[in-house]
Amino acid sequence: MLKIGPFHSLFPWVLVLLLIACSPTSTSEKNSKKKPAPKSHLVAVEVVEPRALGLNHERSGTLKARQTVRIFNQEEGRITELPFFEGDRVERGDPIARLEDDLLKTELEKAIATARQMRINLKRQEGLAQRKAVSEDELARARTDLSVAEAEQSMLQTRLNYTRIYAPFTGLVSARLVEPGDVVPRHTHLMTLINPDTLITRILVSDLLLPQLKLNDPVSVRIDGLGDQQFPGMIERIHPVLDEKTRMGTVEVALRPIPQGARSGQLCRVTLKTANLDRITIPFNALQRDNKGEFIYQLDDQQLAQRQSVKSGLRITDRIEILEGLGIGDRVITKGFLELQPGMKVEPVN
């Protein structure tokens, strides 16, 4: 009788398992292995709404004395007196320069004597005219001679006055350009006077900001040489003409009062404050630019990114004002611009 060992009893089962392992995968198993779904383009979105914002703008300038006078001589000659030096304080009416006047004095004395003689001659001619002893022509000539002599006397007196120069206002000497003993021609710049109580600074402001400024608006002024302290000032003048190249206008700011230690020529920084206004703003990074102009990506009702042209205004810290192209309630894409194209389906994550 034939005996069947343990190996022969397991053989049919091993064969079945091998056939199953080598058989092709079923259709149901193939369908279960689907392709992964494409990833959505994620973006950050902000809803446009007006915000009441007041703006602070810092502009740098240089302190200057508004009342500055350059002193010129109107007579030529040698300088005999020049008593004040740079930094000296002068009072209004103080003599600040004197030129040699000996020759003019002599000419004036001669003119005075001539006028006196012409006056006597006219009086004599008038007496003769009453007796009909002189003609009308001789009497008219005598009057003319007196007028000429008096005019000559007046001219020399004026020229003599020009040899003495007086301070036109109370202030400081900022420049002394000649010395006693120098012989100067007419209209030589002798010295410069400034009024330290009239310090101003001129700053440049863009044409976008100018309409929001007006005369007597308060400002803050920080002078680098005096530390971080803020000093009060006010807008004193707004120039009417803009620079054609930069579109910048000039604004004059006066210090009220003048700080102790402030000097002409110091660097200062002016902070302009504008009133709170409702503005439409977006994050600065959301504004895009290309050769067609400024634009943003706007999210429509179908969750599609659409290009929208806009016109920007002032930059306010990390945001920028939008003047045209957006309305309240619009949704603006603020992040996720990499590979973003108009009409692309996006998914907001905020």
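Taken together, the values in this text are just the output of simple stated rules run on the coordinates, not laboratory data. Values in this document were obtained by computation on a predicted structure and should not be read as measured data. Note that we place each Cβ from the backbone using ideal geometry, even for glycine, and neighbour counts take in every protein chain shown.
Restricting the chymotrypsin sites (Phe, Trp or Tyr not before Pro) of the range 68-130 to loop positions (DSSP other than H, G, I, E, B) with no more than 15 neighbouring Cβ atoms within 10 Å leaves Phe85.
Fewest-first ordering of Ser312, Ser135 by other beta carbons within 10 Å of each residue's beta carbon gives Ser135, Ser312.
Kindly provide the helix-only [θ] at 222 nm of the chain, computed as the sum of -39,500 (n - 2.57) over DSSP H runs of four or more divided by all residues, to the nearest 500 deg cm²/dmol?
Values: 4 runs with 79 residues, N = 350.
That comes out to -8000 deg cm²/dmol.
Distance distribution note for the range 249-348: the fraction of Cα pairs above 18 angstrom is 59%. Ordering Asp278, Asp330 from the fewest to the most neighbouring beta carbons within 10 Å gives Asp278, Asp330.
Before anything else, pin down the relative contact order of the range 101-162: Cα pairs under 8 Å, at least 6 apart, normalised by residue count, whole percent.
On the way: 41 pairs, mean separation 31.6, N = 62.
With pairs under 8 Å counted, the relative contact order is 51 percent.
Measuring against 29 Å, Cα to Cα, the residue pairs Lys273/Lys311; Lys214/Lys335; Lys214/Lys292; Lys273/Lys335 contain Lys214/Lys335; Lys214/Lys292; Lys273/Lys335 as the ones spanning a longer distance.
Among 254-263, 215-224, how do they line up from the highest to the lowest mean number of other beta-carbon atoms within 10 Å?
On the way: 254-263: 14.8, 215-224: 16.4.
Output ranking for 254-263, 215-224: 215-224, 254-263.
In the chain, inverting the average of 1/r over every pair of distinct C-alpha atoms gives 30.3 Å as the Kirkwood radius. Database remark: amide H of Ile96 closer than 5 angstrom to the amide H of Ile165, Tyr166, Ala167 (H placed geometrically; neighbours at sequence offset of 5 or more, or on other chains; Pro and chain starts carry no H).
State the volume of the convex hull built on the alpha-carbon positions of the range 105-210, expressed per residue in Å³ and rounded to an integer.
On the way: hull volume 25.5 nm³, N = 106.
Taking only Cα atoms, the range 105-210 has a hull volume of 240 Å³ per residue.
Normalising the average separation of contacting C-alpha pairs (under 8 angstrom, six or more residues apart) by the number of residues puts the relative contact order of the chain at 26 percent. Put a dot 7 Å past the Cα of Thr144, heading toward its Cβ, do the same for Thr317, and the two dots end up 8.5 nm apart. Between the alpha-carbon centres of the range 185-212 and the range 230-251 there is a gap of 12 Å.
Over the range 101-162, the Kirkwood radius and the radius of gyration, each from Cα atoms, give a ratio Rg/Rh of 1.15.
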